[in-house]
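Remarks on the structure that follows.
The values are calculated or read from the model by the stated rules, or taken from the named source; none is laboratory data. Because the structure is a prediction, the values reported are computed rather than measured. Don't worry about glycine lacking a Cβ; one is built from the backbone with ideal geometry, like all the others, and counts go over all protein chains shown. Keep in mind that these areas ignore ligands, DNA and RNA; they rest on the heavy atoms of the full protein, side chains included. Shrake-Rupley method; radii C 1.70, N 1.55, O 1.52, S 1.80 Å.
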Amino acid sequence: MSILKPDFIKPVAIGAVIFAALAFLPSFADSYYMSLAISVVSFAVLATAWSMFSGPTRYISLATVVFFGIGAYTVAVLGEIMAFPLVLVCAGLAGTVVALLVGFSTLRLAGVYFVIFTFGLTELVRQVVSWYEVNVTREMGRYVFLDITQNDIYWQLLALFAVLLLTGFVLGRSRLGFALRIIGEDETVAKHCGIDVTRVKVALFVLSALFMTLTGAIIAPRWTYIDPVIAFNPMLSFQVVIMALLGGPRRLLGPLLGVIPLTLLFEVLTASFPNHFSILLGCVFMVIVYLLPGGVVGLYEKYRAPKKRTLSSSPETTRKSEEKTA
Amino acid sequence: MEISAKLRFATIAAATTALMSSATLFGANAQETYRIGYAVSKTGPGAPGAATSTIPNYEMWVKEVNDAGGLKVGDKQLPIEVVEYDDRSSSEEAVRAVERLINQDKVDFILSPWGTGINLAVAPILDRAGYAHLAGTAVTDKAPQLAKRWKNSYWLLGTGEQYAVEMAEFLKGLKDAGKINDKVAMIAVADGFGIELSKAGRAALEDRDFDLVYDKTYPLGSQDLATIVNDIKSLGADTFVAFSYPPGTLGLTEQSRVLGFNPKVFYAGVGTAFPLYKDRFGADAEGVVSLGGASENDPKIADYIKRHIAFAGREPDRWASIVNWASLQSLHQAIERAGSTDREAVNAELAKGGFDTILGTYKPGDQNFWQVGQWQDGKFVGVAPTSMEGAHELVFPKPAWKAAN
């Protein structure tokens, strides 16, 4: 309804300019910096997509790698049969179907049960894929020989991230986004307001999963070889959660503030202390948890905007009054 | 703990040697060290394998070369400088680490990572940047196609099929001699390696008129295989074949021993040729068959094993370690033959082959090593291909488990 208002056009225009500028990165950076950029952008998509669902609903999902892996596997299976854009469409469909199934069967679970379920889901999907490969195709491990360059991967991811941010931005101003925030604050209240809680949650879960699936599909050609252990590595889910939490999952650009420093930190640690990576990483996480419990966004809110009410609740209140007048 | 202290020491030692010699021996304008980079799995699921077959060999080679004054390049001696990373058993990390080695560290040569998946992940990058790739720990049925696709890549351990076919051929010899019946019980780990070998093994055994009375897979990481052993025990197969990975290999052996399952031929997979197998099972290792093998009567191999024990404090495994070492020797000679650090010149020499290694005259990619081996008197010796020089007679039938209780 408010598409043409300046408070919509301005951020979108700024975003478009920034993304257009980023698209020229390959002209300046060598392939090492490009691979670093791919890492940053792919985690940015994953963490933002994760926060899109988990931020407002406060459901901690450890299923990121399930969808990521489904995307990667779709490319491994279909990559040599059809054109890449079609493969991406198929990956998106596969991710959507799985997310729908998972969503409707689990989003009634609350709190810690949901966390455990999503973690178990990774193992479940990995075992199902393994079982299929062992008993049906009798080939474990698939080869992805596609002539997709590093720069192509970067551009695709960048475009995906742009679409994701735009989606998130529109969503934040839509009735669906509003409903989601109410659910996050209090599910019972949401029900009493007449919100179909399950439907809203599933819709968001599917949307978030779709972006994760596409990320996996876009990255897959980089690995040449995919097996269930590589594609469904649970580490990825944890990394995404940590990055999103460091940044702040309740704001659209929050996760990005976690992704950039952590990806660069991983890189510096790996490059400079290859033998002490895990120990140093553990120390860094402790520092984050003790000193930055609210994430980077939380820090900003604490020191830079002390007079405002906490930002997590203010959009709701403004929105509420808007809804009333509407 | 001990390993990581050693690792650090080796790195510091290599770096110090490199710095000192560069400061004292050479002028500032010429290349002063030969920079070698590698990213291997120091942590994660690949770590035990990398710590067995890959890392000790790399470190020992660098130390030996530097102790001898370095690589002879033309009329200069260039010490080796090492840049190493941990790929944390992740393809994505490995890809990035190799990009870093190429573009940031600008190393002269890159040694291969550990494992089939990760070697495949880095292969296209090495190829694009013109680096040779001596993949020392990848078993893939696509090996011949891959070598064609990336012309400077060498798939040293060959295809899964070759091991399975050689084993089937060897079993056929025993069957034809009336020593074993035609019943074979086969299991495989549900992972790339196990599936590839069991697929090839199934076909090869059926071609040779064997009857597969048991043919199942078990999940990766599973160690408790007692139910499988129990099932198989009553089937009357003289031959038991397990295309297993180290945890399964150890579990199967243990449970067969406890349950008194003692077929005439007991073939277990990766891990059997590891020194820890002998350490764990002692005299009960006697007669167990697996892939790999070493001619310990060959003075070169015996000397290599001795040096490996002195350097790493333990024996090398009798399969990938030996092939890895031969590839390092090949690289050493290729650099010296090329007389320059120029990558293309070294690559061209590698492609020519004819290197003098512990595997005899060797060209990377040659499959002139043992495909089937057996523990005999505390040594893991080669028994097939029987046409190879130094092939041992099979200890047959497998002696009874001794320590069962």
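The number of residues in segment B:99-137 that are of a type outside the set (S, T, N, Q) and within 18 Å of B:Ala47 (Cα to Cα) comes to 11. For segment B:94-125, the candidate set comprises residues that are facing chain A (nearest Cβ under 8 Å) and open to solvent by 20 Å² or more (accessible area, probe 1.4 Å); within that set, the residue that is nearest to B:Val139 (Cα to Cα) is B:Thr116.
The set of residues in segment B:143-181 that are of a type in the set (A, V, I, L, M) and within 22 Å of the chain's Cα centre (by Cα) comprises B:Ala143, B:Leu146, B:Ala147, B:Leu156, B:Leu157, B:Ala164, B:Val165, B:Met167, B:Ala168.
Looking across segment B:319-342, the residues that are open to solvent by 10 Å² or more (accessible area, probe 1.4 Å) and on the phi < 0 side of the Ramachandran plot come down to B:Trp319, B:Gln329, B:His332, B:Gln333, B:Glu336, B:Arg337, B:Ala338, B:Ser340, B:Thr341, B:Asp342. Only one of the numbered conditions (1) closer than 29 Å to B:Ala138 by Cα; (2) out of contact with any Asp or Glu (no Cβ under 8 Å at 6 or more places or on another chain) is violated by A:Ile279, and that is (1).
Just to be sure, is A:Pro221 open to solvent by 50 Å² or more (accessible area, probe 1.4 Å) and not in a loop (DSSP other than H, G, I, E, B)? I'd like the intermediate steps shown before the answer.
Values: open to solvent by 50 Å² or more (accessible area, probe 1.4 Å): no; not in a loop (DSSP other than H, G, I, E, B): yes.
When the stated conditions are applied, A:Pro221 does not pass them.
Consider segment A:281-326 and keep the residues that are part of a helix (DSSP H, G or I), modelled with pLDDT under 80 and of a type in the set (Gly, Ala, Ser). The one that is farthest from A:Val259 (Cα to Cα) is A:Ser321. Would you check if there is a residue in segment A:126-137 being away from chain B (no Cβ under 14 Å) and surrounded by fewer than 19 Cβ atoms within 10 Å (Cβ to Cβ)? So far as segment A:126-137 goes, no, none of its residues is away from chain B (no Cβ under 14 Å) and surrounded by fewer than 19 Cβ atoms within 10 Å (Cβ to Cβ).
The number of residues in segment B:151-175 being buried (at least 19 other Cβ atoms within 10 Å of the Cβ) and more than 30 Å from B:Asp238 (Cβ to Cβ) comes to 5. Checking each residue in segment A:266-283 for being over 12 Å from A:Leu36 (Cβ atoms) and either touching a strand residue (DSSP E or B) at 6+ places or on another chain (Cβ under 7 Å) or open to solvent by 40 Å² or more (accessible area, probe 1.4 Å) (or both) picks out A:Ser272, A:Phe273, A:Pro274, A:Asn275, A:His276, A:Phe277, A:Ser278, A:Ile279, A:Leu280, A:Cys283. Do we find that B:Val184 is in a helix (DSSP H, G or I), among the hydrophobic types (A, V, I, L, M, F, W, C) and over 22 Å from the mean Cα position of the chain (by Cα) in this structure? Here the answer is no, as B:Val184 does not meet what is asked.
A quick yes/no check of all residues on (1) open to solvent by 30 Å² or more (accessible area, probe 1.4 Å); (2) among the basic types (Lys, Arg); (3) closer than 30 Å to A:Val77 by Cα:
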residue	(1), (2), (3)
A:Leu109	yes, no, no
A:Arg142	yes, yes, yes
A:Gln156	yes, no, yes
A:Leu164	no, no, yes
A:Glu187	yes, no, no
A:Ala190	no, no, no
A:Arg199	yes, yes, no
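Quick check, is A:Gly120 of a type in the set (Gly, Ala, Ser), open to solvent by less than 30 Å² (accessible area, probe 1.4 Å) and at pLDDT 90 or above? Spell out the reasoning first.
Values: of a type in the set (Gly, Ala, Ser): yes; open to solvent by less than 30 Å² (accessible area, probe 1.4 Å): no; at pLDDT 90 or above: yes.
Here the answer is no, as A:Gly120 does not meet what is asked.
Give segment A:35-45 a look and list any residue that's more than 8 Å from chain B (Cβ to nearest Cβ) and over 16 Å from the mean Cα position of the chain (by Cα), or say none.
Let us first name the residues in segment A:35-45 that are more than 8 Å from chain B (Cβ to nearest Cβ), namely A:37-38, A:40-45.
Of everything in segment A:35-45, just one residue is more than 8 Å from chain B (Cβ to nearest Cβ) and over 16 Å from the mean Cα position of the chain (by Cα), namely A:Ala37.
Residue by residue, here is whether (1) buried (at least 23 other Cβ atoms within 10 Å of the Cβ); (2) more than 11 Å from chain A (Cβ to nearest Cβ); (3) of a type in the set (Phe, Trp, Tyr) holds:
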| position | (1), (2), (3) |
| --- | --- |
| B:Lys42 | yes, no, no |
| B:Pro48 | no, yes, no |
| B:Thr54 | yes, yes, no |
| B:Lys63 | no, yes, no |
| B:Lys72 | no, yes, no |
| B:Lys76 | no, yes, no |
| B:Glu81 | yes, yes, no |
| B:Tyr85 | yes, no, yes |
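Tell me the residue from A:Leu257, A:Leu236, A:Leu245, A:Leu214 that is open to solvent by 10 Å² or more (accessible area, probe 1.4 Å), within 14 Å of chain B (Cβ to nearest Cβ), assigned to a helix (DSSP H, G or I) and touching a residue at least 12 places away in the same chain (Cβ under 8 Å), please. Outline the logic, then answer.
Working: A:Leu257 fails: within 14 Å of chain B (Cβ to nearest Cβ); A:Leu245 fails: within 14 Å of chain B (Cβ to nearest Cβ); A:Leu214 fails: within 14 Å of chain B (Cβ to nearest Cβ).
A:Leu236 is the lone residue from the list that is open to solvent by 10 Å² or more (accessible area, probe 1.4 Å), within 14 Å of chain B (Cβ to nearest Cβ), assigned to a helix (DSSP H, G or I) and touching a residue at least 12 places away in the same chain (Cβ under 8 Å).
Set side by side, the residues A:Val102, A:Val66, A:Val97, A:Val77 differ, and just one is assigned to a helix (DSSP H, G or I), away from chain B (no Cβ under 14 Å), farther than 30 Å from B:Ala129 by Cβ and open to solvent by 40 Å² or more (accessible area, probe 1.4 Å), which is A:Val97. In segment A:141-165, the residues that are under 14 Å from A:Arg222 (Cα atoms) reach residues that are open to solvent by 30 Å² or more (accessible area, probe 1.4 Å) and assigned to a helix (DSSP H, G or I) with C-beta atoms within less than 8 angstrom, at least six apart or across chains, in these pairs: A:Arg142/A:Val77; A:Phe145/B:Arg149; A:Leu146/A:Phe84; A:Ile148/A:Phe84; A:Gln150/A:Ser31; A:Tyr154/A:Leu25. Any residue that is within 12 Å of another protein chain (Cβ to nearest Cβ) and either in contact with a helix residue (DSSP H, G or I) (Cβ under 9 Å, 6 or more places away or on another chain) or in contact (Cβ under 8 Å) with a residue 12 or more places away in the chain (or both) - is there at least one of those in segment B:153-175? Yes, some residue in segment B:153-175 is within 12 Å of another protein chain (Cβ to nearest Cβ) and either in contact with a helix residue (DSSP H, G or I) (Cβ under 9 Å, 6 or more places away or on another chain) or in contact (Cβ under 8 Å) with a residue 12 or more places away in the chain (or both).
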